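Accompanying notes for the structure given below.
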Ligand SMILES: [Mn+2]
């Protein structure tokens, strides 16, 4: 998803580097900025804070930040390392090494994309297949379940001991990006087992991040779900289900409440593709796409100016939601 104009995107083609090269870059840094994507989720924040903790322990001055919103989502406020977070406007203009985590394009840095130009070196650590390789160096593993899983491998090779604080941050990304261990692969549970072995409370972390909402979430869900639409003929007959969350529906609620809706909508058995249109400001929509087996929603989102993963992607669009739905249906074919 892109939330901001791309005009600040530098025209760089990054060089893919190995885990060992990344260790060299990090070890050699005299100062570091770690940036997470806008409208942060637990994978980008867990990654940013874990990397921040490690750099701080190595004596490297480090700031961690994200452009918007101006406060950390409530569900992530208990993550270790949050003392490293600084408001976006306080992020140093120039730095020795800038690292972005879980951020598929410069646009996803929002206003902080401007800091790429002030960095002596920049490194992109990510797992989005659609990553636009906007840094000088990149470590992009699109086979990884989460960016925190990439960091776990980096820490192992770096001989960084994953203690309970680091494990908490890494588990936060792993449990959320795998949809509570639905989208897993060989090795996912091995990593989870290692992290849990540090003594962290996996149940409490998952409950805090995924299963905690204010009461106002229930009437919002009622209104939004009751207006969902099924279009069986869309996506070459595979089916599309869509729903819209207007500003008036989500007033007073947090991003966790808004982001939760697609996980219910996507369960519709008659639809291969699910789309939730989230109104961020009147007439501005952030769109979450999900698919199950046959439709590559990353490709769909890329054609609409966004990006993501094969089965989970997004983009932004402005104007009436009806036109946005039409454009999506055309793109789906
Ligand atoms: Mn991620």
Starting from one equal scatterer on each C-alpha and no solvent at all, send me the Debye-based log10 I(q)/I(0) for segment 217-332 at q = 0.14, 0.18 Å⁻¹, two decimals.
-> -0.50, -0.85
Please order 181, 311 by the number of other Cβ within 10 Å, starting at the fewest.
-> 181, 311
Most exposed first by the Cβ proxy, i.e. fewest other Cβ within 10 Å, how do 14, 291, 226, 180 rank?
-> 226, 180, 14, 291
Given the peptides 250-257, 105-112, 45-52, arrange them by the average over their residues of other C-beta atoms within 10 Å, most packed first.
-> 45-52, 105-112, 250-257
What is the distance, in nm, between label points placed 7 Å from the Cα along the Cα-to-Cβ direction at residue 82 and at residue 27?
-> 3.4 nm
Base-10 log of normalised Debye intensity for segment 19-210 (one unit scatterer per alpha-carbon) at q = 0.11, 0.18 Å⁻¹ | -0.41, -1.21
Considering Cα pairs under 8 angstrom that are at least six residues apart, work out the relative contact order of segment 244-333 and quote it in whole percent.
-> 21 percent
If contacts are Cα pairs under 8 angstrom and at least 6 residues apart, what is the relative contact order of the chain in percent?
-> 16 percent
With Cα coordinates, the longest principal axis of the chain makes an angle with the long axis of helix 164-177, in degrees rounded to 10, of 30 degrees
For the chain, the longest principal axis of the Cα atoms and the Cα long axis of helix 42-57 enclose an angle in degrees, to the nearest 10, of 10 degrees
On a 0 to 90° scale, report how tilted helix 147-157 is relative to the longest principal axis of the chain, with both axes built from alpha carbons and the result rounded to the nearest 10.
-> 20 degrees
The Rg/Rh figure for segment 184-253, Cα atoms and Kirkwood Rh, to two decimals is 1.18
So residue 153 and residue 120, fully extended at 0.36 nm per residue minus their Cα-Cα distance, gain in nm 9.3 nm
Using a Förster distance of 51 Å, how high is the FRET efficiency between residue 16 and residue 248, based on the Cβ-Cβ distance and rounded to 0.05?
-> 0.65
For the chain, what is the calculated [θ] at 222 nm in deg cm²/dmol (nearest 500), taking -39500 (n - 2.57) for each run of four or more DSSP H residues and dividing by its residue count?
-> -10000 deg cm²/dmol
Stokes-Einstein D in µm²/s, Kirkwood radius over Cα pairs - the chain at 10 °C with 1.306 mPa s viscosity = 79 µm²/s
The alpha-carbon center of segment 145-169 and that of segment 281-329 are separated, in whole Å, by 32 Å
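Computed from the coordinates by the stated procedures, all read-outs in this text should not be read as laboratory data. No experiment lies behind these values; they were computed from the predicted model shown. Cβ atoms come from the backbone with ideal geometry, glycine included; neighbour counts cover every protein chain shown.
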